[in-house]
1. For residue 220, are the conditions met, namely being of a type in the set (Gly, Ala, Ser), assigned by TED's automatic domain parsing to the domain that holds residue 95 and surrounded by fewer than 17 Cβ atoms within 10 Å (Cβ to Cβ)?
2. Suppose we filter region 125-137 for residues that are closer than 24 Å to residue 101 by Cβ and within 13 Å of ligand 1 (Cβ to nearest atom); how many remain?
3. Does region 69-91 hold any residues that are away from ligand 1 (no atom under 13 Å from the Cβ) and under 15 Å from the mean Cα position of the chain (by Cα), and which are they?
4. Looking at region 201-253 only, could you name the residues that are closer than 18 Å to residue 111 by Cβ and touching a Pro at 6+ places or on another chain (Cβ under 9 Å)?
5. If a residue has to be in a loop (DSSP other than H, G, I, E, B) and of a type in the set (Gly, Ala, Ser) to count, how many in region 105-136 make the cut?
6. Which residues, counting only those in region 59-86, are at pLDDT 95 or above, surrounded by 12 or more Cβ atoms within 10 Å (Cβ to Cβ) and not hydrophobic (A, V, I, L, M, F, W, C)?
7. So residue 173 ticks every box in (1) closer than 21 Å to residue 119 by Cα; (2) small (Gly, Ala, Ser); (3) at pLDDT 95 or above but one. Which box is left unticked?
8. Just a yes or no: is a residue in region 109-121 of a type in the set (Ser, Thr, Tyr) and out of contact with any Asp or Glu (no Cβ under 6 Å at 6 or more places or on another chain)?
Amino acid sequence: MSVVTQARVVEHLQRLRLGYLAERLDAALAEAARSEPTYLDFLDQLLQQETAAKQRKRIAMGIQIAHFPTVKTLDDFDFKFQASIDQRLVRELATGRFISQAENVLIFGPPGVGKTHLAIGLGRAAVESGHSVLFTSATALIGALAKSETEGQLAERLTFYSKPKLLIIDELGYLPFERRSAHLFFQLVARRYERGGTLITTNQLVTQWGTVFGDEVLAAAILDRLLHHSYTLMVQGESYRLRQKKKAGLLGQSSRREA
Ligand SMILES: Nc1ncnc2c1ncn2[C@@H]1O[C@H](COP(=O)(O)OP(=O)(O)O)[C@@H](O)[C@H]1O
Ligand SMILES: [Mg+2]
């Protein structure tokens, strides 16, 4: 193939947004000269490589947009340590079907048992299956909504948090809400209801949510929408962080659970 033809092919590839192939054309041609694939196999390999590159890029971008606080995957999660978790349910949730059906997930449990890890792992799986995801702590979410309300931008902020197919709200209940904040939270939940999936991690059982939101009626209205189509994961047992410290001999058996 002449240099001119090759340059033209690269130009076509770029115009067609097949950037990976445009960059790798030289190498692909050299490899084909060696292994002499059929025309069809050659085309098949090229398209597969471009598709895989596009997929990797889409996932990397989705993960960036999601703003996960740390890198965690479901594969890193030690299900043997947390025998209380229904692993089958976690695997089912990882397919992302609950998101397509605008269902919710509530993960309950004390500190350190892996709630955030599971939330990030499920969020990552959701990105991989093609859903838009946003991760936020409950405190940051309420802070942002309250600020936008003060600035007259509440509608825009509510839209921002309503758009992702999966919204992950971490650490609900660690700090109680003021009444106004609870109302903002209700507005968001009402907006997302039956439109997108919401995953919440919390250290408070639903019976405590009246206290969390400072208002029993509002808490009931929030729970009504969240629980209507929902899955529940109860994580029990001891803190993974503390277990590791115990193993390292840093703590005695009588040490109390961390706050
Ligand atoms: N079953 C587990 N397998 C692997 N790592 C775990 C497990 N449970 C917790 N961890 C790790 O322990 C730390 C605390 O877990 P985290 O998810 O932050 O707990 P929580 O959100 O429930 O307070 C994290 O580094 C997390 O990755
Ligand atoms: Mg956590």
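The values are calculated or read from the model by the stated rules, or taken from the named source; none is laboratory data. Note that this is a predicted model, so its numbers are computed, not measured. Virtual Cβ from ideal backbone geometry, glycine too; neighbours counted across all protein chains shown.
1. Values: of a type in the set (Gly, Ala, Ser): yes; assigned by TED's automatic domain parsing to the domain that holds residue 95: yes; surrounded by fewer than 17 Cβ atoms within 10 Å (Cβ to Cβ): yes.
Spelling it out, residue 220 is indeed of a type in the set (Gly, Ala, Ser), assigned by TED's automatic domain parsing to the domain that holds residue 95 and surrounded by fewer than 17 Cβ atoms within 10 Å (Cβ to Cβ).
2. Total satisfying the criteria: 1.
3. 91
4. Selection gives 203, 211, 212, 235, 236, 237, 238, 239, 241.
5. Final tally of qualifying residues: 6.
6. 62, 67, 69, 72, 73
7. It is condition (3) that residue 173 fails.
8. Within region 109-121 (the criterion being of a type in the set (Ser, Thr, Tyr) and out of contact with any Asp or Glu (no Cβ under 6 Å at 6 or more places or on another chain)), the answer is no, since none of the residues qualifies.
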